[in-house]
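Reading through the C-alpha cells given below for one structure.
The values are calculated or read from the model by the stated rules, or taken from the named source; none is laboratory data. Keep in mind it's a predicted model, so treat the numbers as computed, not measured. Glycine gets a Cβ as well: all are built from the backbone with ideal geometry, and neighbour counts include every protein chain shown. For the accessible areas, the whole protein counts, side chains as well, though only heavy atoms, and no ligand, DNA or RNA atoms are used. Shrake-Rupley method; radii C 1.70, N 1.55, O 1.52, S 1.80 Å.
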Amino acid sequence: MSIHIGAEVGDIAETVLLPGDPYRAKWAAETFLGNVRMVNETRGMLGFTGTWNGHDVTIQGSGMGMPSLSIYVNELIRDYDAKTLIRIGSCGSMQEHVGIRDIVLAMTASTVASPSHSIFKDVTFAPCADWPLLKAAAKAAESKNRPIHIGGIYSSDTFYDERPDLNEQMVRHGILAVEMETAELYTLALRHKRRAMSVLTVSDHLLTHEALPADQRERSFGEMVEIALEAAFA
Ligand code: HPA
C-alpha cells in the first residue's frame, strides 16, 4: 500500500494506463483486459489490473489536473516501480487544423507551473515524451483512420481560465491542444527514468467552440486505449 493507493506491491503492473476519470479506468479494464481485478478504490480513484495479449496491465484513474496526477504517478513509480506510464484523455484543440475527434500525441507539454516547477528555478524545463513510445503510438494510431497530430500541447491546472492571453500565446506558438496533466507526467517520468506518453482525443475546440457529441466519447476513448496498449508492447 502507498498513501493514496490501496494495492499491494505486485498488484500493479509495470505498464500503467492513466485516464483522468476513474470510471473510464473501470470501463477500459472491463472492455479490453482479461482476468481483471480491482486493485484500488481509495478515495474512489479506481484502479484495475488485468492482462492484454499475455501482458500485465494496470489502468488507474489519475484525477483531474497535475496536483492529482502527481500524487498517483509519484506513488506508482516510487512504491510500485511502474515503468511505462501512458495517459489517455481528452483535450481542447487550439488550432484550426486540429478537429474534433482527431488524435493528438503529445511530443512536449508546456505549462505555467507543474507541481515540479519550483525545483527548476531559473530554467524553463521542456517536458517531452519517450520517443520510442511516441513513435510506436504514431504507428498504432494510423490504423484508426483519423487525423493524427504530433507536437506540443499545453498543460494547465486552470480549466476555468481567467487568462485568455496565455491561450493566445499558445495558439500563436503552434501548440496543438490544452489539457491538464501531461507536463507533470513527463517531468516525473524523465526524473525517474521511466517511459511516458500521452494519447489524447480532441473533445472540444477552443477556436470554433465545437464539442464531441456524448455518444462518440466512449468510442474515441476506446481507440485511445487500443493505441496505448499497442504502443506499450510494440
Ligand atoms: N481545457 C483543459 N482541459 C481540457 C479541455 C480544455 O478545454 N478539454 C478537454 N480537456
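The alpha-carbon of Lys26 sits under 13 angstrom from the alpha-carbons of these aspartates and glutamates, leaving out residues fewer than 8 places away in its chain: Glu41, Glu218. Residues in the chain average 47 Å² of solvent-accessible surface per residue, probe 1.4 Å, ligands and nucleic acids excluded.
Of the beta bridges in the chain, as assigned by DSSP with both residues counted there, near 40 percent are antiparallel. Label separation (Ile150 vs Thr108): 1.6 nm, computed from points 7 Å beyond Cα along the C-beta direction. In summary, the convex hull built on the alpha carbon positions of the range 155-234 has an orientation-averaged projected area of 6.8 nm². So if we plug the beta-carbon distance of Asp79 and Lys193 into 1/(1 + (r/R0)^6) with R0 = 22 Å, what FRET efficiency do we get, rounded to 0.05? Efficiency, rounded to the nearest 0.05: 0.85. Remark on Ala196: its backbone amide H falls under 5 Å from those of Leu85, Asp130, a criterion applied only to residues 5 or more positions apart or on other chains, H modelled at 1.01 Å from N.
When Rg and the Kirkwood Rh are both derived from Cα coordinates, the Rg/Rh ratio for the chain amounts to 0.94. Where the centre of each part is set by its Cα atoms, how far does the range 105-124 sit from the range 1-80, in angstrom? Comparing the Cα centres of the range 105-124 and the range 1-80, I get a distance of 24 Å.
Here the accessible area is traced with a 1.4 Å probe on the protein chains. For the chain, carbon and sulfur cover 52 percent of it. Packing order of peptides 167-174, 222-229, highest average first: 222-229, 167-174 (average count of other Cβ atoms within 10 Å over each peptide's residues).
Normalised by the number of residues in the chain, the average gap of Cα pairs under 8 Å and 6 or more apart makes the relative contact order 25 percent.
Residue ranges 105-116, 153-164 sort as 105-116, 153-164 when ordered by packing (mean number of other C-beta atoms within 10 Å per residue, highest first). In the chain, helices alone account for a calculated mean residue ellipticity at 222 nm of -10000 deg cm²/dmol, with every DSSP H run of four or more residues adding -39,500 (n - 2.57). Counting only the heavy atoms of the protein chains, how much of His55 is accessible to a 1.4 Å probe, in Å² to the nearest 10? Counting only protein heavy atoms, the figure is 70 Å².
With one equal scatterer per alpha carbon and no solvent term, the Debye-computed log10 I(q)/I(0) for the range 1-96 at 0.14, 0.21, 0.22 1/Å reads -0.45, -0.97, -1.06. Full extension of the segment from Arg37 to Asn53, taken as 0.36 nm per residue of separation minus the current Cα-Cα distance, would add 4.1 nm. On full extension, the segment bounded by His4 and Arg163 gains 54.0 nm, given 0.36 nm per residue less the C-alpha separation. Each Lys or Arg adds one and each Asp or Glu takes one away; over the other residues whose Cβ falls under 9 Å from the Cβ of Ala231, this sums to +1. Think of the chain as a dipole: +1 on every Lys or Arg Cβ, -1 on every Asp or Glu Cβ, centred on the Cα centre; then among Ser62, Leu85, Leu18, Leu85 lies furthest on the positive end.
Could you size up the charge dipole of the range 15-232 around its Cα centre, putting +1 on the beta carbon of Lys and Arg and -1 on that of Asp and Glu, and report it in debye to the nearest 20?
Details: 21 positive and 27 negative charges, 133 e Å.
Here the size comes out at about 640 debye.
The packing ranking, built from the mean of other Cβ atoms within 10 Å per residue, places the peptides 36-46, 59-69, 179-189, 13-23 in the order 179-189, 59-69, 13-23, 36-46, highest first.
On a 0 to 90° scale, report how tilted helix 182-191 is relative to the longest principal axis of the chain, with both axes built from alpha carbons and the result rounded to the nearest 10. Computed tilt is about 60 degrees.
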